[in-house]
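Undergrad: I have a structure I would like to understand better, so I am pasting it below and will then ask my questions one at a time.
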Amino acid sequence: MRWFPVVLVVAFASCNSDTPGGPGDDAMLVSSENHDLGTISVGVQTSALVLTFTNTGNDESAALTVFVEGPSADELVVSSDECEGRELAPEESCEITVALRPTFNGAKEVLVRVQGRPGETASATIRAIVGGTTMSASPDGLDFGDMRLGIASPTRGLLIRNASPRPTGSLSVEISGPHASDFTVVLDACAGASISGGFSCGITIRFQPSASGIRTATLRVSGVDAAVSAPLRGTGGSPTFLSITPTQHAFGLIRLTERSTATFTVRNDGPGFSGTLSAQVSGVNANFAFESNTCIGQTLEVGASCVISVSFRPQSAGAKTADLTVSSSYAEAVHASVSGEGAALTLTASPPAMAFSALALSASAAQSVTITNTGNVASVPIRTEIVDFSDYDYYYYTPSTSQFEIVTDACAGAALAPGASCAVSIRYAPRTIGAHFGRLRLFGDAAQNPTQSVDISGTANGIRSTTLTLDFPPTAVGATSAAFNVGIFNSGSTSSGALTTTLSGGGFTIVSDDCAGTALGAGAACTISVRFSPSAALLHHAQITVSGIPGGSAITTVRGQGM
C-alpha cells in the first residue's frame with residue numbers, strides 16, 4: 001500500500017509594536033486547528049501527517065519551540081521537525097511530520113503547539129478513535145468448486161488470526177446467507193475461545209449442495225470489539241454419467257527401447273453437465289504416461305466428448321498393468337485398464353566360464369557351452385565370435401589368434417525363441433607356453449550389441465629348459481672348455497612329440513644329446529652336453545632350441561669369451 005501525507009496548514013502572525021516584543025496589530029491565526037483521523041487500529045501507525053506553520057505577520061518570529069501535549073502525547077511519532085529553533089521571516093513556513101501509533105483502545109487526542117515570543121503561538125489538535133482488535137481470515141474465502149447434489153465435498157479450512165496485541169475476547173462463529181444450510185462447520189477451534197494477539201484458530205467447513213447452481217454463504221467470526229467475514233461459495237450440479245471407450249487395452253510385447261500409444265474417448269452421456277474433469281494413470285509400474293489429454297480441466301456438455309492418449313514404454317522386462325481413471329464433480333469415475341509386457345532378450349550361458357589346459361602346439365578336448373534364451377522375445381539370427389584379451393588389459397579385445405577355436409556352433413545364425421537353446425563347442429589350441437585368455441561373444445539383438453559373453457582361460461605347458469642362459473668361463477683361442485649340461489623337461493601332463501635339437505651360432509659344439517628323437521613323457525627330462533671352442537678373442541653367442549610337436553619349444557642361450 002502506498003501512503004500519501006496529509007497536510008495541515010497552521011498560520012500565526014508576529015506582533016507589531018514600537019517596542020520590540022510588544023503587542024501589535026496582527027493576531028495569531030490557525031487555519032485548521034483540528035484533524036480527525038477517524039477509527040484506527042491498535043499497533044498500526046497511521047499515514048504521515050504534515051503540519052505546516054506559517055508566519056503571516058510583518059516581522060520575523062523569535063526562535064520557535066515545539067510542544068507535544070495532551071493525554072495521548074506519548075503515542076505521537078514525530079518523524080521530522082523543521083520548526084524547532086527556527087526563526088521564520090514574514091510569509092515563511094516550517095513543517096513538522098507526525099503520525100499516530102496507538103498502543104491501546106479508546107479516544108486519542110494530541111496537541112502540537114509551536115511558540116515564539118509570548119503571544120506568538122499556533123497549535124493543531126489531532127484526534128482518533130482506536131478500535132479494540134483486528135482479525136483476518138486466511139484464505140479470505142473458500143470456493144468448493146463443483147459438487148454433485150447430495151454429495152459432501154472434501155473439507156477445507158481457514159485460519160482466523162488476531163493481528164492486534166490485545167485478546168479478541170470470546171469468539172462466536174456463524175454461517176449466514178441465502179444457502180447457509182449447504183455449508184457445515186465440521187471442526188471449530190474458534191467458537192468460545194479468546195485468541196491472544198498474534199495467534200490464530202482454525203475452522204474446517206464442508207459443502208454439500210442441496211440444489212443446482214451457485215450456492216453462497218458467509219462465515220462470520222466475531223469478538224468483543226472486532227469481527228471478520230469470509231465468503232463461502234460452491235456450485236451444485238445434477239448427477240450425470242460418463243463413459244469411456246475402450247474399457248481396456250493390451251499393448252502386448254513392447255521392447256524396452258520402444259513406445260506404443262493407445263487412445264481413449266470419454267463421453268458425457270447426460271443428463272447434466274459433467275463438471276470439471278480430472279484424469280490420472282495409476283499403478284505400481286511407472287511405465288504408462290499421458291501422451292496427450294484434452295479432458296483434464298474441461299467441462300463436457302451432454303453428448304460431448306474428449307480424448308486421452310496413453311503411452312506404454314516399459315522400463316523393465318515383464319508384465320505391467322495400470323488403471324486410467326477419469327472423474328468429475330457431477331459423475332462417478334469411469335475406468336479403463338491398460339496392460340503390456342516389457343520385451344527383453346536375455347541369453348544365459350551354462351557354464352558361465354570355461355577353463356582349459358594343454359600342451360603347447362596341441363589341442364585340448366572340446367568343451368561345450370549351452371546358450372538359452374531366458375527372455376520373453378526371440379533373438380535375431382545370432383552372430384558368434386571369439387576374441388583374445390590380455391589379463392593386463394582385460395577390456396582390450398583383439399581378434400582371435402587361434403589360441404581358442406570354435407569346433408561346432410549351433411548358435412550362429414539361429415534365431416532363438418524364448419526358452420530355446422543352442423550350443424557352442426570350443427577347444428584350446430595354444431601356440432605358445434603360458435596363460436591365455438579369451439571371450440566368446442554372442443550378438444542376438446537388432447542393435448548388434450553383445451548379448452552374452454563367456455570368459456575362456458587356458459594354461460599351456462610343454463618343453464622347458466632348466467637353464468635359460470649358460471655362461472662358459474673365458475677360454476683361450478684354439479682351446480676347448482670342459483662340457484656343460486643343459487637340462488630339458490616336459491612340464492605338461494601328456495607326452496611330447498619326438499624332440500629335435502638345433503644349435504645356432506659359432507664357437508659351441510654339442511658333445512652329447514639324449515633329447516633328440518625322444519618323445520619326452522609327462523614330467524620327464526633329458527640332457528644336452530655342450531663345449532666352448534673360441535675361434536677369436538671375442539664374445540661368442542649361440543642358441544640351443546629343443547622343439548616337439550606337441551610340446552612347443554625351449555630355448556637356451558649360451559655365451560663365452562674367447563681369450
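Undergrad: Condition check: polar (S, T, N, Q), at pLDDT 95 or above and either loosely packed, with under 15 Cβ neighbours inside 10 Å or closer than 16 Å to Phe437 by Cα (or both). Does Ser368 satisfy that?
TA: When the stated conditions are applied, Ser368 passes them.
Undergrad: Would you check which residues across the stretch 326-344 are in contact with a Ser or Thr (Cβ under 8 Å, 6 or more places away or on another chain) and over 21 Å from Arg313 (Cα atoms) and list them?
TA: From the stretch 326-344, those in contact with a Ser or Thr (Cβ under 8 Å, 6 or more places away or on another chain) are 326-331, 333-340, 342, 344; that's our starting set.
Listed by number, the residues that qualify are Val326, Ser327, Ser328, Ser329, Tyr330, Ala331, Ala333, Val334.
Undergrad: Give me the residue from the stretch 193-249 that is part of a strand (DSSP E or B) and among the aromatic types (Phe, Trp, Tyr) and, out of that set, farthest from Asp323 (Cα to Cα). Don't jump to the end; show me each part of the working.
TA: Let us first name the residues in the stretch 193-249 that are part of a strand (DSSP E or B), namely 200-207, 213-222, 227-237, 240-245, 248-249.
Going one step further and asking which of them are among the aromatic types (Phe, Trp, Tyr), we end up with 207, 241.
Values: Phe207: 29, Phe241: 19 Å.
Only one residue tops the list, namely Phe207.
Undergrad: Separate question: Evaluate the following for Pro102: is it part of a loop (DSSP other than H, G, I, E, B), in contact with a Lys or Arg (Cβ under 8 Å, 6 or more places away or on another chain), touching a residue at least 60 places away in the same chain (Cβ under 8 Å) and not assigned by TED's automatic domain parsing to the domain that holds Ala230?
TA: Working: part of a loop (DSSP other than H, G, I, E, B): yes; in contact with a Lys or Arg (Cβ under 8 Å, 6 or more places away or on another chain): yes; touching a residue at least 60 places away in the same chain (Cβ under 8 Å): yes; not assigned by TED's automatic domain parsing to the domain that holds Ala230: yes.
Judged against the criteria, Pro102 is a match.
Undergrad: Quick one: in the stretch 151-199, of everything that is surrounded by fewer than 16 Cβ atoms within 10 Å (Cβ to Cβ) and among the β-branched types (Val, Ile, Thr), which residue is nearest to Leu219 (Cα to Cα)?
TA: Going through the qualifying residues, I end up with Thr184.
Undergrad: Need a quick list: strands (runs of 3 or more DSSP E) entirely within the stretch 279-367 having at least 1 residues that are within 30 Å of Ser238 (Cβ to Cβ).
TA: Qualifying strands (runs of 3 or more DSSP E): 288-293, 305-312, 318-328, 331-343.
Undergrad: Among the residues of the stretch 330-353, are any under 30 Å from Gly521 (Cβ atoms) and touching a strand residue (DSSP E or B) at 6+ places or on another chain (Cβ under 9 Å)? Quick ask: steps written out before the conclusion?
TA: Step one: list which residues in the stretch 330-353 are under 30 Å from Gly521 (Cβ atoms), which gives none.
Within the stretch 330-353, not a single residue is under 30 Å from Gly521 (Cβ atoms) and touching a strand residue (DSSP E or B) at 6+ places or on another chain (Cβ under 9 Å).
Undergrad: Name, by its number, the condition in (1) in contact with a Leu (Cβ under 8 Å, 6 or more places away or on another chain); (2) surrounded by 13 or more Cβ atoms within 10 Å (Cβ to Cβ) that does not hold for Gly517.
TA: (2)
Undergrad: Looking only at residues in the stretch 528-539 that are surrounded by 13 or more Cβ atoms within 10 Å (Cβ to Cβ) and hydroxyl-bearing (Ser, Thr, Tyr), which one is farthest from Gly478 (Cα to Cα)?
TA: Out of the qualifying residues, it is Ser529.
Undergrad: When you go through (1) modelled with pLDDT of 80 or more; (2) closer than 30 Å to Met135 by Cβ; (3) among the polar types (S, T, N, Q); (4) not in a loop (DSSP other than H, G, I, E, B) one by one for Ser80, which number turns out not to apply?
TA: (2)
Undergrad: Here's a check for you: in the stretch 374-403, which residue that is part of a strand (DSSP E or B) and among the aliphatic types (A, V, I, L, M) is modelled with the highest pLDDT?
TA: Ile382
Undergrad: Pull up the stretch 421-464, narrow it to residues that are of a type in the set (Val, Ile, Thr) and surrounded by fewer than 16 Cβ atoms within 10 Å (Cβ to Cβ), then point me to the one that is farthest from Cys515 (Cα to Cα).
TA: Thr459
Undergrad: Right, next: If we only count strands (runs of 3 or more DSSP E) wholly inside the stretch 421-537, which ones have 2 or more residues that are modelled with pLDDT of 95 or more?
TA: Because the criterion is at least 2 residues that are modelled with pLDDT of 95 or more, the strands (runs of 3 or more DSSP E) in the stretch 421-537 that meet it are 421-428, 469-471, 484-490, 500-504, 508-513, 525-532.
Undergrad: Taking the criterion of being crowded, with 17+ Cβ neighbours inside 10 Å, hydroxyl-bearing (Ser, Thr, Tyr), at pLDDT below 95 and over 29 Å from Leu171 (Cβ atoms), would at least one residue in the stretch 240-259 satisfy it?
TA: yes
Undergrad: Quick check on my filter: what residues within the stretch 334-361 are of a type outside the set (A, V, I, L, M, F, W, C) and surrounded by fewer than 22 Cβ atoms within 10 Å (Cβ to Cβ)?
TA: Listed by number, the residues that qualify are His335, Ser337, Ser339, Glu341, Thr346, Thr348, Ser350, Pro351, Pro352, Ser357.
Undergrad: Give Ala525, Ala482, Ala542 a once-over and let me know the one that is of a type outside the set (S, T, N, Q), exposed (fewer than 14 other Cβ atoms within 10 Å of the Cβ) and over 60 Å from the mean Cα position of the chain (by Cα).
TA: Ala482
Undergrad: Considering each residue of the stretch 192-234, count those that are small (Gly, Ala, Ser) and more than 25 Å from Val130 (Cα to Cα), and give that number.
TA: Matching residues across the stretch 192-234 total 7.
Undergrad: May I pose another question? Need at least 3 residues that are assigned by TED's automatic domain parsing to the domain that holds Arg86 and crowded, with 21+ Cβ neighbours inside 10 Å per element, so show me which strands (runs of 3 or more DSSP E) inside the stretch 107-148 make the cut, counting only ones lying wholly within it. Reasoning before the result, please.
TA: Details: elements: 121-130, 135-138, 142-148.
Answer list for the stretch 107-148: 121-130.
Undergrad: For the stretch 250-274, give me each residue that is within 23 Å of Glu332 (Cβ to Cβ), part of a loop (DSSP other than H, G, I, E, B) and of a type outside the set (Ser, Thr, Tyr).
TA: Pro271, Gly272, Phe273
The values are calculated or read from the model by the stated rules, or taken from the named source; none is laboratory data. From a predicted model like this one, the values you see are computed outputs, not experimental measurements. Don't worry about glycine lacking a Cβ; one is built from the backbone with ideal geometry, like all the others, and counts go over all protein chains shown.
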